[in-house]
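Data block below; observations after.
Laboratory data are not the source of any read-out in this text; all were calculated from the coordinates shown. Since the structure is predicted, the reported quantities are computational estimates derived from the model, not experimental observations. Glycine gets a Cβ as well: all are built from the backbone with ideal geometry, and neighbour counts include every protein chain shown.
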Amino acid sequence: MKKCTNCGSEAYRAESRFCKTCGGALPEREEAPNINICTNAGCGQHTAKFIYPNETHFCDICGSKTAFAG
C-alpha cells in the first residue's frame, strides 16, 4: 500500500490520493513491497499477510502472483 511521505501512515486503499492521518498528498505509486505476499486483496493469505519465501512467485491458495513475482 501507499505510505504517506509526511507522517508514514499507510493508506486504506490503493486508490487513495490523500493521507487519512495528516491529509498530505500520497505518492502516485505504491512503495515497492519488502515482503513477499499474495497480491490478491481477496485472498485470505493477503489479508493475513502470510509471507512467502522470496523465490515464491504464485500464491499456493488462489494462484495469484506474489509481490516478488517477475
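Results, tabulated for the structure shown:
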quantity	calculated
Where labels lie 7 Å past Cα in the beta-carbon direction, separation of Lys49 and Arg13 in nm	2.2 nm
Two-site label geometry, His57 and Asn6: point separation in nm, points 7 Å out along Cα→Cβ	4.1 nm
Relative contact order (%) - criterion: Cα under 8 Å, at least six apart; region: the chain	23 percent
Among (1) 70; (2) 111; (3) 89, the entry derived from the coordinates for volume of the Cα convex hull per residue in Å³	(3)
